[in-house]
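Novice: Take this structure first; my questions come after.
The values are calculated or read from the model by the stated rules, or taken from the named source; none is laboratory data. Being a predicted model, the structure only gives us computed values, none of them experimental. Because the Cβ atoms are built from the backbone with ideal geometry, glycine has one as well, and the counts that use them run over all protein chains shown. In case anyone asks, the SASA skips ligands and DNA or RNA and just uses the protein heavy atoms, side chains included. Shrake-Rupley method; radii C 1.70, N 1.55, O 1.52, S 1.80 Å.
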Amino acid sequence: MGWCVPLRVVAVTRALEVAVTDPVPVAVGPDDFCRQLHPRLVGSLRLYLGDPSVAEELAQDALVRVIERWPEVSAMAAPEAWTYRVAFNLANS
């Protein structure tokens, strides 16, 4: 019997790889940061959840939290990874 990785695990792993390997520059403001990150975040959540409308809603919720906490988020080593973590935590709640 072969080794099989569930699709959800692959989707989350790939989403986090994208967040880490192709970062949005933090030198931009929160609006530009969110605008650049939004399509990839929604796409990752769509893969994970299978529901485009829920993915869009959760991505927006996560990005609102980014804007609300921008001074702290922009100072983080990996603000994109934090945003993905928030989005996937929301998806799992």
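Novice: Within the set of pairs 6 or more residues apart or between chains, which connect a residue that is outside any helix (DSSP H, G or I) inside region 71-93 to a residue that is surrounded by fewer than 20 Cβ atoms within 10 Å (Cβ to Cβ) with Cβ atoms less than 8 Å apart?
Specialist: Hits for this filter: MET76/TRP82; ALA78/VAL20; ALA78/PRO23.
Novice: Restricting attention to region 55-70, and to residues there that are exposed (fewer than 15 other Cβ atoms within 10 Å of the Cβ) and either in contact (Cβ under 8 Å) with a residue 24 or more places away in the chain or touching a strand residue (DSSP E or B) at 6+ places or on another chain (Cβ under 8 Å) (or both), which single residue is nearest to VAL28 (Cα to Cα)?
Specialist: Going through the qualifying residues, I end up with ILE67.
Novice: Do we have VAL5 as over 16 Å from ASN89 (Cα atoms), outside any helix (DSSP H, G or I) and either in contact with a strand residue (DSSP E or B) (Cβ under 9 Å, 6 or more places away or on another chain) or at pLDDT 60 or above (or both) here? Show your work before the answer.
Specialist: Working: over 16 Å from ASN89 (Cα atoms): yes; outside any helix (DSSP H, G or I): yes; either in contact with a strand residue (DSSP E or B) (Cβ under 9 Å, 6 or more places away or on another chain) or at pLDDT 60 or above (or both): no.
So VAL5 does not fit the description; no.
Novice: Of everything in region 41-54, what is over 14 Å from ASN92 (Cα atoms) and open to solvent by 60 Å² or more (accessible area, probe 1.4 Å)? Give them in sequence order.
Specialist: Residues satisfying the conditions are PRO52, SER53.
Novice: Just to be sure I understand the filter: pairs with C-beta atoms under 6 Å, separated by 6 or more residues or on different chains, first member in region 22-38 and open to solvent by less than 70 Å² (accessible area, probe 1.4 Å), second member modelled with pLDDT of 90 or more and polar (S, T, N, Q). Which pairs pass?
Specialist: VAL24/GLN36; VAL26/SER74
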